[in-house]
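A.B. asks: One structure, pasted below without further comment.
The values are calculated or read from the model by the stated rules, or taken from the named source; none is laboratory data. Quantities reported herein were computed from a predicted structural model and do not represent experimental measurements. Ideal geometry is used to build each Cβ from the backbone, glycine not excepted, and the neighbour counts take in all protein chains shown. Calculation scope for accessible area: heavy atoms of the full protein, side chains included, ligands and nucleic acids excluded. Shrake-Rupley method; radii C 1.70, N 1.55, O 1.52, S 1.80 Å.
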Amino acid sequence: METGSLFKYLTTDEIEKINYEKDFRQYRRGDILYHEGNRISGFYCINSGIIKVYKTGFDGKEQIIRFAKPGDIIAYRSVLSNEVACTSAKVIEDCQVCFIPSEILTSLVKTNPAYSLELLKLACHELGEANSFITDIAQKTVRERLAEILLLLVNDFGVDDHDYLKIALTREELANIVGTATESVIRLLSEFKSDSLVELNGRKIRIMNLKGLEKISNVFS
């Protein structure tokens with residue numbers, strides 16, 4: 001779902017108000033935008049770069065929920081529910097964001113029905129993705145989940161002219177999406193390479209056989 005389309009439901013006056021109130025911020029890889037458990041005073045619209053949204057387990061291990069890319073908004077649900085953040089957000093590719101105060105979002109929801117409906121659709125879409133993720137964790141093998149994650153990364157970020165994913169992740173980050181140990185991801189990527197499904201170049205992954213990954217992932221079963 002293209003979250004950037006939300007702003008097309010705003011009036012000229014509403015856009016001008018946002019432009020006046022927003023705070024333009026730049027972050028480097030490794031920077032934290034907010035921590036789970038803290039109260040957030042606004043939400044973020046991603047202009048460039050990539051941010052990972054994750055939860056931290058009791059053992060300190062991260063579980064990556066999603067990646068936010070240009071056009072996405074994050075932290076809006078905590079603002080709407082007036083609750084502390086249920087996730088953390090960390091930069092994995094230098095980014096530029098607009099921070100918009102919570103009062104702006106609350107006002108838009110109250111006065112702009114079309115915008116409110118699209119925001120509700122976005123929240124429902126993200127909930128649906130979360131439900132699918134829970135099902136995968138429960139029913140799919142780690143091998144199937146890794147193949148599916150690679151396909152999702154292709155869909156969300158695309159590949160370059162040489163078929164390398166346009167997002168470069170560490171093995172630990174991949175493991176934190178799949179929900180497994182880093183060692184398991186390293187072993188499975190090596191198997192995928194041996195099966196000519198991917199090529200590996202540091203953190204960069206080249207997709208060699210999309211159909212083969214689809215077959216392993218059981219995405220369409």
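A.B. asks: Quick one: is Arg187 farther than 21 Å from Arg66 by Cβ and part of a helix (DSSP H, G or I)?
C.D. replies: yes
A.B. asks: Given (1) among the small types (Gly, Ala, Ser); (2) surrounded by 17 or more Cβ atoms within 10 Å (Cβ to Cβ); (3) more than 30 Å from Asp59 (Cβ to Cβ), where does Ala114 come up short, assuming only one miss?
C.D. replies: Condition (2) is where Ala114 drops out.
A.B. asks: Do you know which of the residues in region 155-181 that are open to solvent by less than 40 Å² (accessible area, probe 1.4 Å) and without any contact (Cβ under 8 Å) to a residue 12 or more places away in the chain is farthest from Glu214 (Cα to Cα)?
C.D. replies: Step by step, filter region 155-181, then rank; the result is Ala175.
A.B. asks: Can you tell me which residues in region 185-197 are touching a helix residue (DSSP H, G or I) at 6+ places or on another chain (Cβ under 6 Å) and buried (at least 16 other Cβ atoms within 10 Å of the Cβ)?
C.D. replies: Val185, Leu188, Leu197
A.B. asks: What about Glu214, is it in a helix (DSSP H, G or I), over 19 Å from Ile92 (Cβ atoms), in contact (Cβ under 8 Å) with a residue 60 or more places away in the chain and open to solvent by 10 Å² or more (accessible area, probe 1.4 Å)?
C.D. replies: So Glu214 passes the test.
A.B. asks: Looking for whichever is open to solvent by 30 Å² or more (accessible area, probe 1.4 Å), under 28 Å from Val91 (Cα atoms), out of contact with any Ser or Thr (no Cβ under 7 Å at 6 or more places or on another chain) and not in a helix (DSSP H, G or I) here; the options are Leu152, Leu200. Which one fits?
C.D. replies: Criteria check complete, one pass: Leu200.
A.B. asks: Also: Suppose the filter is in contact with a Lys or Arg (Cβ under 7 Å, 6 or more places away or on another chain), open to solvent by less than 70 Å² (accessible area, probe 1.4 Å), in a helix (DSSP H, G or I) and in contact (Cβ under 8 Å) with a residue 24 or more places away in the chain; does Ala123 pass it?
C.D. replies: Here the answer is yes, as Ala123 does meet what is asked.
A.B. asks: So which of Asp31, Asp59, Asp94 is in contact with a Gly (Cβ under 6 Å, 6 or more places away or on another chain) and either within 24 Å of Val154 (Cα to Cα) or surrounded by fewer than 18 Cβ atoms within 10 Å (Cβ to Cβ) (or both)?
C.D. replies: The unique qualifying residue is Asp94.
A.B. asks: So the check is Cβ under 8 Å with 6+ separation or different chains; which pairs have a first residue in region 55-76 that's over 25 Å from Thr180 (Cβ atoms) and a second one that's of a type in the set (Ser, Thr, Tyr) and open to solvent by 50 Å² or more (accessible area, probe 1.4 Å)?
C.D. replies: Filtered contacts from region 55-76: no entries.
A.B. asks: If you check every pair at least six apart or on different chains, which have Cβ atoms under 7 Å apart with a residue in region 132-144 that is touching a residue at least 24 places away in the same chain (Cβ under 8 Å) first and a residue that is in a helix (DSSP H, G or I) and open to solvent by less than 70 Å² (accessible area, probe 1.4 Å) second?
C.D. replies: Hits for this filter: Val142/Val178; Val142/Ser184; Val142/Leu188; Arg143/Leu188; Arg143/Ile216; Glu144/Ile216; Glu144/Ser217.
A.B. asks: Return a yes/no flag: does region 127-144 have any residue that is in contact with a Lys or Arg (Cβ under 6 Å, 6 or more places away or on another chain) and either at pLDDT below 95 or in a loop (DSSP other than H, G, I, E, B) (or both).
C.D. replies: Taking region 127-144 and keeping what is in contact with a Lys or Arg (Cβ under 6 Å, 6 or more places away or on another chain), we get 136.
Next, from what is left, pick out any that are either at pLDDT below 95 or in a loop (DSSP other than H, G, I, E, B) (or both): 136.
Yes, region 127-144 has at least one match.
A.B. asks: I'd like to check something: does region 67-87 contain any residue that is small (Gly, Ala, Ser) and open to solvent by 50 Å² or more (accessible area, probe 1.4 Å)? Outline the logic, then answer.
C.D. replies: Here is the first cut: in region 67-87, the residues small (Gly, Ala, Ser) are 68, 71, 75, 78, 81, 85.
Going one step further and asking which of them are open to solvent by 50 Å² or more (accessible area, probe 1.4 Å), we end up with 81.
The answer is yes, given that some residue of region 67-87 is small (Gly, Ala, Ser) and open to solvent by 50 Å² or more (accessible area, probe 1.4 Å).
A.B. asks: Might you let me know whether region 11-18 holds any residue that is under 18 Å from Glu129 (Cα atoms), touching a helix residue (DSSP H, G or I) at 6+ places or on another chain (Cβ under 8 Å), of a type in the set (D, E, K, R) and surrounded by 16 or more Cβ atoms within 10 Å (Cβ to Cβ)?
C.D. replies: No.
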